[in-house]
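Beneath this line is the structure, given in C-alpha coordinates, with notes to follow.
The values are calculated or read from the model by the stated rules, or taken from the named source; none is laboratory data. Quick caveat: nothing in here was measured; it's all calculated off a predicted structure. Here Cβ is always computed from backbone atoms with ideal geometry, including for glycine, and neighbour counts include all displayed protein chains.
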(Lines give C-alpha, C1' and ligand atoms only; values in the text may rest on other atoms or scores of the structure.)
Protein backbone atom coordinates (compact mmCIF):
# COMPACT_ATOMS: atom_id res chain seq x y z
CA UNK A 1 0.00 0.00 0.00
CA UNK A 2 1.44 3.38 -1.03
CA UNK A 3 1.02 6.75 0.62
CA UNK A 4 -1.91 8.49 -1.07
CA UNK A 5 -1.18 11.98 -2.42
CA UNK A 6 -3.96 14.42 -3.34
CA UNK A 7 -2.89 17.56 -5.20
CA UNK A 8 -4.29 20.97 -4.19
CA UNK A 9 -6.94 19.67 -1.78
CA UNK A 10 -9.82 21.99 -0.90
CA UNK A 11 -9.71 23.19 2.71
CA UNK A 12 -13.38 24.21 2.57
CA UNK A 13 -14.26 20.57 1.86
CA UNK A 14 -12.10 19.37 4.77
CA UNK A 15 -13.20 21.70 7.57
CA UNK A 16 -16.47 21.78 9.48
CA UNK A 17 -16.68 25.57 9.02
CA UNK A 18 -16.62 24.91 5.25
CA UNK A 19 -14.08 27.71 4.79
CA UNK A 20 -10.66 27.96 3.18
CA UNK A 21 -8.76 27.88 -0.07
CA UNK A 22 -6.39 25.07 -1.01
CA UNK A 23 -3.27 23.38 0.32
CA UNK A 24 -0.39 22.17 -1.84
CA UNK A 25 -0.97 18.48 -1.14
CA UNK A 26 -2.77 16.09 1.18
CA UNK A 27 -0.97 12.92 2.31
CA UNK A 28 -3.12 10.03 3.55
CA UNK A 29 -1.39 7.33 5.63
CA UNK A 30 -3.36 4.10 6.00
CA UNK A 31 -0.65 1.72 7.12
CA UNK A 32 2.52 1.82 9.24
CA UNK A 33 4.52 1.23 6.06
CA UNK A 34 3.14 4.51 4.67
CA UNK A 35 4.88 6.39 7.46
CA UNK A 36 8.35 5.71 6.01
CA UNK A 37 7.23 7.26 2.73
CA UNK A 38 5.62 10.14 4.63
CA UNK A 39 8.90 10.77 6.44
CA UNK A 40 10.85 10.78 3.16
CA UNK A 41 8.38 13.25 1.63
CA UNK A 42 8.56 15.65 4.57
CA UNK A 43 12.36 15.56 4.59
CA UNK A 44 12.57 16.41 0.87
CA UNK A 45 9.72 18.90 0.39
CA UNK A 46 9.90 22.44 1.84
CA UNK A 47 6.22 22.38 2.85
CA UNK A 48 4.80 23.04 6.29
CA UNK A 49 3.22 19.82 7.58
CA UNK A 50 -0.16 20.03 9.29
CA UNK A 51 -2.21 17.13 10.67
CA UNK A 52 -5.78 17.96 9.70
CA UNK A 53 -7.81 15.16 11.28
CA UNK A 54 -11.51 15.84 10.64
CA UNK A 55 -10.98 19.62 10.38
CA UNK A 56 -13.42 20.31 13.21
CA UNK A 57 -11.36 22.83 15.17
CA UNK A 58 -9.81 24.73 12.30
CA UNK A 59 -10.12 28.07 10.52
CA UNK A 60 -8.29 28.13 7.20
CA UNK A 61 -7.64 31.27 5.09
CA UNK A 62 -9.27 31.71 1.70
CA UNK A 63 -5.91 31.60 -0.11
CA UNK A 64 -3.59 28.84 -1.32
CA UNK A 65 -1.18 27.58 1.36
CA UNK A 66 2.23 25.92 0.96
CA UNK A 67 1.11 23.24 3.40
CA UNK A 68 1.20 19.46 3.31
CA UNK A 69 -1.99 18.27 5.00
CA UNK A 70 -1.52 14.95 6.78
CA UNK A 71 -4.43 12.65 7.46
CA UNK A 72 -4.45 9.18 8.96
CA UNK A 73 -6.94 6.58 7.80
CA UNK A 74 -5.94 3.83 10.20
CA UNK A 75 -7.56 0.36 10.09
CA UNK A 76 -11.04 -0.17 11.51
CA UNK A 77 -11.33 -0.21 15.28
CA UNK A 78 -11.65 0.15 18.19
CA UNK A 79 -10.48 -3.10 19.78
CA UNK A 80 -10.30 -4.48 23.30
CA UNK A 81 -6.70 -4.99 24.42
CA UNK A 82 -6.66 -6.18 28.04
CA UNK A 83 -8.28 -5.88 31.46
CA UNK A 84 -6.34 -3.93 34.10
CA UNK A 85 -8.06 -3.93 37.47
CA UNK A 86 -11.61 -2.66 36.92
CA UNK A 87 -10.68 -0.98 33.65
CA UNK A 88 -10.77 -2.31 30.10
CA UNK A 89 -8.02 -1.03 27.83
CA UNK A 90 -9.35 -0.08 24.37
CA UNK A 91 -7.09 0.75 21.41
CA UNK A 92 -8.05 2.75 18.33
CA UNK A 93 -6.32 4.62 15.55
CA UNK A 94 -5.80 8.37 15.67
CA UNK A 95 -7.87 8.66 12.49
CA UNK A 96 -10.89 7.00 14.12
CA UNK A 97 -13.84 9.40 14.23
CA UNK A 98 -14.69 10.35 17.82
CA UNK A 99 -18.48 9.88 17.39
CA UNK A 100 -17.75 6.38 16.02
CA UNK A 101 -15.70 5.54 19.12
CA UNK A 102 -18.51 6.78 21.38
CA UNK A 103 -21.07 4.73 19.46
CA UNK A 104 -18.90 1.62 19.88
CA UNK A 105 -18.40 2.31 23.61
CA UNK A 106 -22.16 2.73 24.01
CA UNK A 107 -22.89 -0.63 22.36
CA UNK A 108 -20.18 -2.30 24.47
CA UNK A 109 -21.41 -0.70 27.70
CA UNK A 110 -18.06 1.01 28.34
CA UNK A 111 -18.12 4.16 30.46
CA UNK A 112 -15.75 7.13 30.66
CA UNK A 113 -16.43 8.99 27.42
CA UNK A 114 -20.06 10.05 27.91
CA UNK A 115 -19.19 13.73 28.44
CA UNK A 116 -17.68 13.90 24.95
CA UNK A 117 -21.03 13.21 23.28
CA UNK A 118 -21.74 15.64 20.45
CA UNK A 119 -18.09 16.58 19.86
CA UNK A 120 -17.06 15.96 16.24
CA UNK A 121 -13.55 15.25 14.96
CA UNK A 122 -11.07 12.40 15.18
CA UNK A 123 -9.68 10.61 18.22
CA UNK A 124 -6.19 11.92 17.42
CA UNK A 125 -7.51 15.47 17.23
CA UNK A 126 -9.43 15.02 20.47
CA UNK A 127 -6.26 13.89 22.26
CA UNK A 128 -4.15 16.67 20.69
CA UNK A 129 -6.63 19.27 22.00
CA UNK A 130 -7.59 17.32 25.14
CA UNK A 131 -11.21 17.74 24.05
CA UNK A 132 -13.78 17.88 26.78
CA UNK A 133 -17.21 18.92 27.99
CA UNK A 134 -19.53 18.34 30.96
CA UNK A 135 -16.63 17.67 33.31
CA UNK A 136 -14.97 15.06 31.10
CA UNK A 137 -11.70 15.44 29.19
CA UNK A 138 -10.37 12.68 26.98
CA UNK A 139 -7.01 12.98 28.77
CA UNK A 140 -8.75 11.62 31.89
CA UNK A 141 -9.00 8.15 30.32
CA UNK A 142 -5.89 8.04 28.10
CA UNK A 143 -3.68 5.10 29.07
CA UNK A 144 -1.03 5.32 26.33
CA UNK A 145 -0.45 7.30 23.14
CA UNK A 146 1.51 6.02 20.14
CA UNK A 147 3.25 8.86 18.34
CA UNK A 148 5.18 9.11 15.10
CA UNK A 149 7.74 11.67 13.98
CA UNK A 150 10.09 11.56 10.97
CA UNK A 151 13.15 11.46 13.20
CA UNK A 152 11.96 8.98 15.82
CA UNK A 153 9.51 6.74 14.00
CA UNK A 154 6.71 5.09 16.00
CA UNK A 155 6.87 4.88 19.79
CA UNK A 156 4.51 4.60 22.76
CA UNK A 157 4.26 7.09 25.64
CA UNK A 158 2.59 6.01 28.89
CA UNK A 159 0.06 8.26 30.61
CA UNK A 160 2.72 9.36 33.10
CA UNK A 161 4.85 10.66 30.20
CA UNK A 162 2.02 12.86 28.89
CA UNK A 163 1.00 16.28 30.14
CA UNK A 164 -2.68 17.09 29.62
CA UNK A 165 -4.06 20.54 30.33
CA UNK A 166 -6.97 22.72 29.30
CA UNK A 167 -7.31 22.09 25.56
CA UNK A 168 -3.72 20.92 25.18
CA UNK A 169 -1.62 17.75 25.12
CA UNK A 170 2.14 17.89 25.50
CA UNK A 171 4.39 14.81 25.28
CA UNK A 172 6.58 14.83 28.35
CA UNK A 173 9.77 14.37 26.35
CA UNK A 174 11.77 16.80 24.21
CA UNK A 175 10.74 16.33 20.58
CA UNK A 176 9.43 18.08 17.51
CA UNK A 177 5.72 17.95 16.72
CA UNK A 178 4.42 14.44 16.21
CA UNK A 179 1.51 12.61 14.64
CA UNK A 180 -0.85 10.71 16.96
CA UNK A 181 -1.04 7.26 15.36
CA UNK A 182 -2.84 5.20 18.00
CA UNK A 183 -4.43 5.77 21.40
CA UNK A 184 -5.23 3.42 24.26
CA UNK A 185 -8.05 4.37 26.65
CA UNK A 186 -8.87 2.91 30.07
CA UNK A 187 -12.66 2.58 30.24
CA UNK A 188 -14.97 1.16 32.90
CA UNK A 189 -17.29 -1.73 32.16
CA UNK A 190 -20.93 -0.82 32.72
CA UNK A 191 -24.40 -1.38 31.33
CA UNK A 192 -25.09 -0.43 27.67
CA UNK A 193 -28.51 1.00 28.60
CA UNK A 194 -27.05 3.31 31.26
CA UNK A 195 -24.18 4.46 29.01
CA UNK A 196 -26.68 5.10 26.21
CA UNK A 197 -28.98 7.09 28.53
CA UNK A 198 -26.12 9.29 29.80
CA UNK A 199 -24.91 9.95 26.25
CA UNK A 200 -28.43 10.77 25.07
CA UNK A 201 -29.01 13.11 28.04
CA UNK A 202 -25.73 14.90 27.29
CA UNK A 203 -26.57 15.21 23.60
CA UNK A 204 -30.06 16.58 24.32
CA UNK A 205 -28.57 19.11 26.74
CA UNK A 206 -25.90 20.11 24.22
CA UNK A 207 -28.42 20.40 21.38
CA UNK A 208 -30.52 22.76 23.50
CA UNK A 209 -27.60 25.06 24.31
CA UNK A 210 -25.21 24.79 21.34
CA UNK A 211 -25.61 24.93 17.53
CA UNK A 212 -24.53 21.31 17.11
CA UNK A 213 -25.98 20.94 13.59
CA UNK A 214 -24.62 24.23 12.20
CA UNK A 215 -21.44 24.65 10.15
CA UNK A 216 -19.14 25.64 13.00
CA UNK A 217 -15.74 24.82 14.51
CA UNK A 218 -16.95 24.46 18.09
CA UNK A 219 -15.95 27.05 20.67
CA UNK A 220 -13.90 29.86 19.12
CA UNK A 221 -12.30 31.08 22.36
CA UNK A 222 -10.99 29.31 25.44
CA UNK A 223 -12.75 30.07 28.70
CA UNK A 224 -10.68 32.49 30.82
CA UNK A 225 -10.05 31.22 34.34
CA UNK A 226 -13.24 31.50 36.34
CA UNK A 227 -15.18 32.93 33.40
CA UNK A 228 -17.25 31.73 30.45
CA UNK A 229 -16.14 33.08 27.06
CA UNK A 230 -19.68 32.61 25.76
CA UNK A 231 -21.15 34.63 28.62
CA UNK A 232 -18.59 37.43 28.15
CA UNK A 233 -19.35 37.61 24.41
CA UNK A 234 -23.08 37.59 25.14
CA UNK A 235 -22.76 40.46 27.64
CA UNK A 236 -20.60 42.34 25.14
CA UNK A 237 -23.45 42.20 22.60
CA UNK A 238 -21.86 39.68 20.22
CA UNK A 239 -24.51 36.97 20.43
CA UNK A 240 -26.08 36.75 16.97
CA UNK A 241 -23.68 39.38 15.55
CA UNK A 242 -23.16 38.93 11.80
CA UNK A 243 -20.64 39.88 9.15
CA UNK A 244 -21.18 38.68 5.61
CA UNK A 245 -21.99 34.98 5.78
CA UNK A 246 -20.51 34.53 9.26
CA UNK A 247 -22.21 34.97 12.63
CA UNK A 248 -21.78 34.35 16.32
CA UNK A 249 -24.52 31.85 17.11
CA UNK A 250 -27.71 33.18 18.67
CA UNK A 251 -27.84 29.95 20.72
CA UNK A 252 -24.30 30.13 22.18
CA UNK A 253 -22.19 33.25 21.61
CA UNK A 254 -18.86 31.38 21.62
CA UNK A 255 -19.76 29.44 18.47
CA UNK A 256 -18.95 31.04 15.13
CA UNK A 257 -21.11 29.65 12.35
CA UNK A 258 -21.07 29.84 8.56
CA UNK A 259 -24.62 30.78 7.61
CA UNK A 260 -23.85 30.29 3.90
CA UNK A 261 -21.34 31.95 1.62
CA UNK A 262 -19.10 32.97 4.51
CA UNK A 263 -15.41 33.72 4.00
CA UNK A 264 -12.40 33.34 6.26
CA UNK A 265 -11.90 37.10 6.08
CA UNK A 266 -15.43 37.63 7.44
CA UNK A 267 -14.69 35.11 10.19
CA UNK A 268 -11.41 36.71 11.24
CA UNK A 269 -12.92 40.21 11.31
CA UNK A 270 -15.86 39.03 13.41
CA UNK A 271 -13.50 37.21 15.80
CA UNK A 272 -11.46 40.41 16.18
CA UNK A 273 -14.65 42.38 16.89
CA UNK A 274 -15.68 39.93 19.59
CA UNK A 275 -12.27 39.92 21.23
CA UNK A 276 -12.09 43.73 21.16
CA UNK A 277 -15.58 44.17 22.65
CA UNK A 278 -14.78 41.79 25.54
CA UNK A 279 -11.45 43.53 26.15
CA UNK A 280 -13.12 46.97 26.19
CA UNK A 281 -15.93 46.00 28.56
CA UNK A 282 -14.24 43.52 30.89
CA UNK A 283 -10.48 44.02 30.47
CA UNK A 284 -10.12 40.34 29.48
CA UNK A 285 -8.22 39.21 26.39
CA UNK A 286 -9.73 36.02 24.99
CA UNK A 287 -7.36 33.33 23.71
CA UNK A 288 -8.22 31.31 20.61
CA UNK A 289 -9.33 27.71 21.02
CA UNK A 290 -9.84 27.17 17.29
CA UNK A 291 -6.56 26.79 15.38
CA UNK A 292 -5.97 29.36 12.64
CA UNK A 293 -4.04 27.64 9.86
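Just to check your reading of the model, which residue among 69, 38, 11 is farther than 28 Å from residue 263 by Cβ, crowded, with 20+ Cβ neighbours inside 10 Å, touching a strand residue (DSSP E or B) at 6+ places or on another chain (Cβ under 8 Å) and touching a residue at least 12 places away in the same chain (Cβ under 8 Å)? Steps first, please.
Values: 69 fails: farther than 28 Å from residue 263 by Cβ; 11 fails: farther than 28 Å from residue 263 by Cβ.
Just a single option satisfies the conditions, and that option is 38.
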Residue satisfying condition, being more than 20 Å from the chain's Cα centre (by Cα) and either surrounded by 22 or more Cβ atoms within 10 Å (Cβ to Cβ) or assigned to a loop (DSSP other than H, G, I, E, B) (or both), within set 225, 269, 276: 225
Positions within the stretch 239-255 being in contact (Cβ under 8 Å) with a residue 40 or more places away in the chain and part of a loop (DSSP other than H, G, I, E, B), in sequence order: 251, 252
Residue match in the stretch 190-201 (condition: surrounded by 19 or more Cβ atoms within 10 Å (Cβ to Cβ) and farther than 21 Å from residue 55 by Cβ): yes
Those residues of the stretch 108-137 which are part of a helix (DSSP H, G or I), out of contact with any helix residue (DSSP H, G or I) (no Cβ under 6 Å at 6 or more places or on another chain) and touching a residue at least 60 places away in the same chain (Cβ under 8 Å), in sequence order: 108, 115, 124, 125, 128
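Here is a yes/no grid of residues against (1) modelled with pLDDT of 95 or more; (2) over 30 Å from residue 189 (Cβ atoms); (3) outside any strand (DSSP E or B); (4) touching a helix residue (DSSP H, G or I) at 6+ places or on another chain (Cβ under 9 Å):
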position	(1), (2), (3), (4)
13	yes, yes, yes, no
23	yes, yes, no, yes
27	yes, yes, no, yes
55	no, yes, yes, yes
76	no, no, yes, no
81	no, no, no, no
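Going through 181, 156 one at a time, which residue ends up being surrounded by 17 or more Cβ atoms within 10 Å (Cβ to Cβ), modelled with pLDDT of 95 or more and outside the structural domain of residue 252 (by TED's automatic domain parsing)? First the steps, then the outcome.
Values: 156 fails: surrounded by 17 or more Cβ atoms within 10 Å (Cβ to Cβ).
Answer to the selection: 181.
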Scope the stretch 83-92; condition surrounded by fewer than 22 Cβ atoms within 10 Å (Cβ to Cβ) and either assigned to a strand (DSSP E or B) or at negative phi (or both); matching residues: 83, 84, 86, 87, 88, 89, 91
Failed item in (1) within 26 Å of residue 19 (Cβ to Cβ); (2) part of a strand (DSSP E or B), with residue 206 passing the rest: (2)
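Can you find, within the stretch 279-291, the residue that is farthest from residue 219 (Cα to Cα) among those that are outside any loop (DSSP other than H, G, I, E, B) and touching a residue at least 60 places away in the same chain (Cβ under 8 Å)? Spell out how you get there, then give the answer.
Taking the stretch 279-291 first, the residues outside any loop (DSSP other than H, G, I, E, B) are 279-282, 288, 291.
Narrowing further to those that are touching a residue at least 60 places away in the same chain (Cβ under 8 Å): 288, 291.
Numbers: 288: 9, 291: 11 Å.
My answer is 291.
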